[in-house]
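J.: First, the structure itself, so that you have it in front of you.
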Amino acid sequence: MKSAYELAMERLNKTAPTQKLSTAQKAAIAEIESIHRSKLAEQEIRFQEQIAAAEASGDMEKARELGQLFAREKQKLSEQAESKKEAVRDGK
């Protein structure tokens, strides 16, 4: 008798089968993730410095705006990385 998890996985594989990646594709995806992490860390350091400077000067509105800007940048970088990884998975 199969568990609910096994049945769900079978249904999922019927609708969206898992894709086997080549070694080159795995390496390319790992490189994309590495670059994404480094860009994200760079942005985080830059924004943390700017936010700290704004808070030190007492400009909480600017600090809040910088926090929101960082969140948008973070989202944009993540979307770019996912787009590149999807292109690799599709073989483009």
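What follows draws every value from the coordinates through simple rules; no lab data is involved. Because the structure is a prediction, the values reported are computed rather than measured. Every residue, glycine as well, gets a Cβ built from its backbone with ideal geometry; the counts of neighbours run over all protein chains shown.
J.: Could you check the spin-label model distance between Arg46 and Met60? Points 7 Å from the Cα along Cα→Cβ, value in nm.
T.: 2.8 nm
J.: Using the alpha-carbon atoms, what tilt in degrees (0 to 90, nearest 10) does helix 60-89 show relative to the longest principal axis of the chain?
T.: It is inclined by approximately 30 degrees.
J.: I've got another one for you. Provide Rg and Dmax in Å for the chain, with only Cα atoms included in the calculation.
T.: Both quantities, over Cα of the chain: 20.2, 66 Å.
J.: Describe numerically, in nm with one decimal, the distance between label points set 7 Å from Cα along Cα→Cβ at Met9 and at Gln25.
T.: 2.0 nm
J.: Helix 4-15 against the longest principal axis of the chain: what's the angle in degrees, Cα atoms only, rounded to the nearest 10?
T.: Around 90 degrees separate the two axes.
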